[in-house]
Amino acid sequence: MSVDTIQDGESAASTATVGDVILKITPAAMSTVLEIRATEENPEGLALRVEITGKKGVEFSYDLSFDDIDSLTDGYATYTVGPLAVAIPDESVDNLRGAELDLPKAGGQGGLVIRNPNRSDPMAGIDIDLTGDIPNKVNQLLEHAINPALASHGGYANLVGVDEKNNVYVYMGGGCQGCSASAMTLKMGIQRSIKEHIPEVLEVIDATDHTQGDNPYYS
């Protein structure tokens, strides 16, 4: 049984879609999903079902499976992207809208990863008085506000240093090291919090080696 696949260089935008697209799928992830689906019985009759099953700290947990298209009617938002039908339970729609299914950026990592802008901001509600120079202020913010928030999903951030341009270098460890969402945590959480509370900081730069650490991806 033949299965259509996305060719190299084809973009998601050029792939015919039917229905309201909730979870985006990159061409690379689409190719992988179709390859996996092709190993199933009656692959063209299967939809990719994506559900948010819970939350650990600020991160959502997900379940991805192939289910019979005809069984996913009531209670699901469904749409097609090229040859692939996608079904998302109604209760997961809001928290998956705008998210993207992709392959890991780091070479050699297997599985799929969901990048979700709807995850909670781990730095929300920080209110702290900081004193001293930039390194002292950053360390105070990390110790008293940022790391307690990151600890909820096993992560932490340490100050590596500050350069002459007031760029702050941060190392992310624990559950943040190698995590597919760590770049979003840095940009949307840590960076925003440091620059908001210490306006003299120019940029916050991730100094972590994300090729190390636990494999955070969904396989």
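The values are calculated or read from the model by the stated rules, or taken from the named source; none is laboratory data. Since the structure is predicted, the reported quantities are computational estimates derived from the model, not experimental observations. Positions of Cβ are backbone-derived with ideal geometry, glycine not excepted, and every protein chain shown enters the neighbour counts.
Just one of Ser182, Ser193 is at pLDDT 55 or above and buried (at least 22 other Cβ atoms within 10 Å of the Cβ); which is it?
Numbers: Ser182 fails: at pLDDT 55 or above.
None of the other options fit; the residue is Ser193.
Which is surrounded by 20 or more Cβ atoms within 10 Å (Cβ to Cβ), at pLDDT 75 or above, under 30 Å from Asn95 (Cβ atoms) and out of contact with any Cys (no Cβ under 8 Å at 6 or more places or on another chain), of Asn147, Asn116?
Details: Asn147 fails: surrounded by 20 or more Cβ atoms within 10 Å (Cβ to Cβ).
Only one candidate passes the filter, namely Asn116.
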When you check Glu40 against the structure, is it modelled with pLDDT of 90 or more, in the same structural domain as Pro104 (by TED's automatic domain parsing) and part of a strand (DSSP E or B), yes or no? no
Test Ile128 against the stated conditions and say whether it is modelled with pLDDT under 80 and either more than 24 Å from Lys56 (Cβ to Cβ) or in contact with an Asp or Glu (Cβ under 7 Å, 6 or more places away or on another chain) (or both). yes
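For Leu64, indicate whether it is over 15 Å from Asp90 (Cβ atoms), surrounded by 14 or more Cβ atoms within 10 Å (Cβ to Cβ) and at pLDDT 95 or above. Quick ask: steps written out before the conclusion?
Numbers: over 15 Å from Asp90 (Cβ atoms): yes; surrounded by 14 or more Cβ atoms within 10 Å (Cβ to Cβ): yes; at pLDDT 95 or above: no.
So Leu64 does not fit the description; no.
Every residue in region 20-32 that is part of a helix (DSSP H, G or I) and touching a Leu at 6+ places or on another chain (Cβ under 6 Å), please.
Within region 20-32, the subset part of a helix (DSSP H, G or I) is 27-32.
Once the filter is applied, which keeps residues that are part of a helix (DSSP H, G or I) and touching a Leu at 6+ places or on another chain (Cβ under 6 Å), region 20-32 yields Ala28, Ala29.
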